Amino acid sequence: MTESLYLAIGGMPTLDRVHKIFYDKLYAHPWLGKFFIGHDQASIEKRQSLFMAEKMGATDVTYFGKQPKMAHRHLFITQEMYDLRHQILRDSLLEAGVDGDNLDRWLRIDNAFHRQIVKPSVEEFYKSGWLFEPRVLINKPEFTPKTSQ
């Protein structure tokens, strides 16, 4: 029988380390960071660690939070945003020392929630969810190249 990914990576200490690195990067990001304004980073890190622990086969952890579809239903997340987030996660895993098969397994689990998070269009986004629920749409910032003077 294959060892659970949870045990293979070293359990909750590794999850916590990866998510600290990952959310430090997300909160600092000029585009994706805007989704987190007003949200406590440590709480989000802990929820994500518990969520992923359960999905990775932990038997000593129970996640009681929202599933991805409900947690992200009010956020307009495009494929471009998702791809960017996925690359930041990959970089964070490598920085935390998770590589090889364990990295691939982690990213496959993470990717399993793609369809619950990414919205195909603004029109579809507004068709889903509750009528009076506030929606969050964050435009991609325009970057201006620095010029030498």
Item to check | Rounded FRET efficiency, nearest 0.05, which uses the C-beta distance separating ASP60 from VAL118 and R0 of 25 Å | outcome: 0.20
Item to check | Inter-label distance for ASP40 and ILE109, nm, one decimal - labels placed 7 Å from Cα along Cα-to-Cβ | outcome: 2.5
Item to check | Charge tally in the Cβ shell below 12 Å around ILE109, where Lys, Arg are +1 and Asp, Glu are -1, ILE109 excluded | outcome: 0
Checklist entry - Taking amide H positions as placed 1.01 Å from N in the peptide plane, with prolines and chain starts having none, which residues 5 or more places from HIS29, or on another chain, fall under 5 Å of its amide H? => result none
Checklist entry - Where does the chain land at 222 nm, in deg cm²/dmol rounded to the nearest 500, when only DSSP H runs of n ≥ 4 count, each adding -39500 (n - 2.57), divided by all residues? => result -16000 deg cm²/dmol
Item to check | ASP24-LEU75 pseudo-label distance in nm [points 7 Å out on the Cα-to-Cβ vector] | outcome: 2.0
Checklist outcome for this item: Checking segment 2-63 for GluC sites (Glu not before Pro) in a loop per DSSP with at most 15 other beta-carbon atoms within 10 Å yields GLU3
Checklist entry - To two decimal places, what compactness ratio does the chain give when its Cα radius of gyration is scaled by 2.2 N^0.38 Å? => result 1.13
Item to check | Cut-off of 10 Å, at most 12 other beta carbons, DSSP loop: longest stretch of the chain lacking such chymotrypsin sites (Phe, Trp or Tyr not before Pro) | outcome: 65-129
Checklist entry - Exposure proxy check: LEU7, LEU103 ranked by fewest other beta carbons within 10 Å? => result LEU7, LEU103
Checklist outcome for this item: With 0.36 nm assigned to each residue of separation and the Cα-Cα distance removed, GLU95 to SER128 gains 8.2 nm
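Just so you know, all these numbers are worked out from the coordinates, no wet-lab data involved. No experiment lies behind these values; they were computed from the predicted model shown. In this analysis, Cβ positions are derived from the backbone assuming ideal geometry, glycine residues included, and neighbour counts consider all displayed protein chains.
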